[in-house]
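Colleague: Please find one structure pasted underneath; my questions will follow.
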Amino acid sequence: MFRSFLFSLFFVFSLFIQAQTETPKNDSIKRVDLLKEIGQGFLPSTFFKFDLRYLVKYNQYEGFRSGIGGITNDDFSKKFRINSYIVYGFVDQTIKYSVGGGYKIAEKTNTWLNYSYTDDLTETGSTQFILDKRFFQFFEPRLLNINLFHRHVSNKVTIEHEITPKLLGEFQVSVNNIEPKYNYAYNLDNVSYREFGTSIGKFAIQWMPFTEIDSETNKITKDGFPKFTLQYTKSFKDVFDANFNFSKTDLRIVHKLNYKKPEAFSLITFTSGYAHGDTPITDMYHAYPNNINKETIGQRFSVAGINSFETMYFNEFFSDRFSTLILKHYFEPFHFGKKFNPQLVLINRFAIGDMNNTERHQGINFGTLEKGYTEAGFELNKLLFGFGLSTTYRYGAYHLPLEEDNIALKFTFNITL
């Protein structure tokens, strides 16, 4: 029944887009502006920008996940915005949705007060910086193979604020009901929690000291490095019936080294996190693994991520404190023609972590990273229609006995609008 409803929804959506593109206003949109919007994950219409993230996705728990969503634009209002979505998982046969909006309370500092109510799934062990507002990929490779999700029903209030154009801040409070969608219980003080509540406050800042910004339009004219992001999270027990006290501190530093050849550069990404207190597995850390739990190399063949560990198996490690260092060197592309310019990338990744009180986490088996995890490899990108090939090798303390289990062969996908 809902499948028919969803197909009808997409049919109405397509008719609406067709009607919008026939108006003189949309005919006047320059191709470069339209491509920029699509590159940021939006398809613009008269008063609403459709969010391409919600159209079609796939993961191991929901199967295909399809829906519709978006946010109002400046033509609707420059002071008020509405953002919502609704999606449906065809395997778990469950609707997920979010309803929210925001009001601009200060024009000069671009300060917004936002509220949202969300009933959806989140990958266990994933930490998102709340200032990463727009992270859009046409194809999200890690998502295909994730199978460990927890449901969260969340009420969130957020304040966005530009301290300066190069220093952004955001404060968020949320009340959440958490339900792991796998066999798990968190044992604390002789009580096993299979479902639990959290009341959380988050504060994040992002500093971009070398980024150049136009003082009149307040838009970035040159992306500068390094960039620093710091986030602090605090969970309060007994506030709105929350069950646990814990805190988390997360840091990310991204640096880019440019060379004389314009398309040759090195990218260095450092991330670190520390969780302290009574922290369930849902709020712990993994190191963004991206290797399927299959027997042979051929069965594990998939698509490489951007900053994921390609030889690390899903759900293999969790930590309450960890650090990762990812080094990538992009060589100047090989110019064989106007449309064939493959690029070689050398990669080395390192992760280290540990966890206290592992016995509290029941029903799930995992290791820790106290010995240090290492892998190295290369990518040959943009061979055909944005696709390339990747080879990564797992070495060091967590090298596996069967040699082929240490090797990951994958596609890569890179496209720029």
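Colleague: Can you figure out the FRET efficiency of Glu403 with Phe236, using R₀ = 56 Å and their beta-carbon distance, to the nearest 0.05? Don't jump to the answer; show the numbers that get you there.
Modeller: Values: r = 49 Å, r/R0 = 0.87.
With a Förster radius of 56 Å, E is 0.70.
Colleague: Right, here's the next one. As an exercise, use a Förster radius of 35 Å and the Cβ-Cβ distance of Asn357 and Leu380 to find the FRET efficiency, rounded to the nearest 0.05. Let's see the in-between values first.
Modeller: Numbers: r = 44 Å, r/R0 = 1.25.
Given R0 = 35 Å and the Cβ-Cβ separation, E is 0.20.
Colleague: Kirkwood hydrodynamic radius (Cα pairs, Å) of segment 186-233?
Modeller: On the way: mean 1/r = 0.0683 Å⁻¹.
The Cα-based Kirkwood calculation yields 14.6 Å.
Colleague: How are the Cα pair distances of segment 311-417 distributed, in percent, across 5 Å bins from 0?
Modeller: Per 5 Å bin, starting at zero, the Cα-Cα P(r) for segment 311-417 comes out as 2, 11, 17, 18, 15, 13, 10, 7, 4, 2, 1, 0 percent.
Colleague: Just to verify a number: FRET efficiency for Ser266 and Ser192, C-beta to C-beta distance, R0 = 35 Å, to 0.05?
Modeller: Values: r = 48 Å, r/R0 = 1.36.
Rounded to the nearest 0.05, the efficiency is 0.15.
Colleague: Subtracting the Cα-Cα distance from 0.36 nm times the residue separation, let me have the gained length for Asp119 to Lys338 in nm, one decimal.
Modeller: Details: separation 219, 0.36 × 219 = 78.84 nm, distance 4.72 nm.
So the extension gain works out to 74.1 nm.
Colleague: Given a cut-off of 38 Å, what percent of all Cα-Cα pairs of the chain lie beyond it?
Modeller: Numbers: 20954 of 86736 pairs.
Counting pairs separated by more than 38 Å, the tail of P(r) holds 24 percent.
Colleague: How many Å² of accessible area per residue for the chain, probe 1.4 Å?
Modeller: Details: 21870 Å² over 417 residues.
Each residue of the chain exposes 52 Å² on average to a 1.4 Å probe.
Colleague: Using θ = phi - 60° and the Karplus form 6.51 cos²θ - 1.76 cosθ + 1.60, what ³J(HN,Hα) does each residue of segment 160-177 get, whole Hz, x for Gly and Pro?
Modeller: 9, 8, 8, 5, 9, x, 9, 10, 9, x, 8, 10, 9, 10, 8, 10, 10, 9
Colleague: Rounded to the nearest 500, what is the 222 nm mean residue ellipticity of the chain from helices alone, with -39500 (n - 2.57) per DSSP H run of 4+ residues and division by all residues?
Modeller: Values: 3 runs with 33 residues, N = 417.
My calculation for the chain gives -2500 deg cm²/dmol from helical runs alone.
Colleague: Shifting gears a bit: Quantify, in whole percent, the carbon and sulfur part of the accessible surface of segment 159-234 (1.4 Å probe; protein heavy atoms only). Mind dumping the intermediate values first?
Modeller: Details: 2250 of 4140 Å².
Summing carbon and sulfur atoms, their accessible area is 54 percent of the total for segment 159-234.
The values are calculated or read from the model by the stated rules, or taken from the named source; none is laboratory data. If you're wondering where the values come from, they're calculated on a predicted model, not measured in any experiment. With ideal geometry, Cβ positions are generated from the backbone for all residues, glycine too; neighbour counts draw on all protein chains shown. When the accessible area is computed, the model is the full protein with side chains, heavy atoms only, and any ligands, DNA or RNA have been set aside. Shrake-Rupley method; radii C 1.70, N 1.55, O 1.52, S 1.80 Å.
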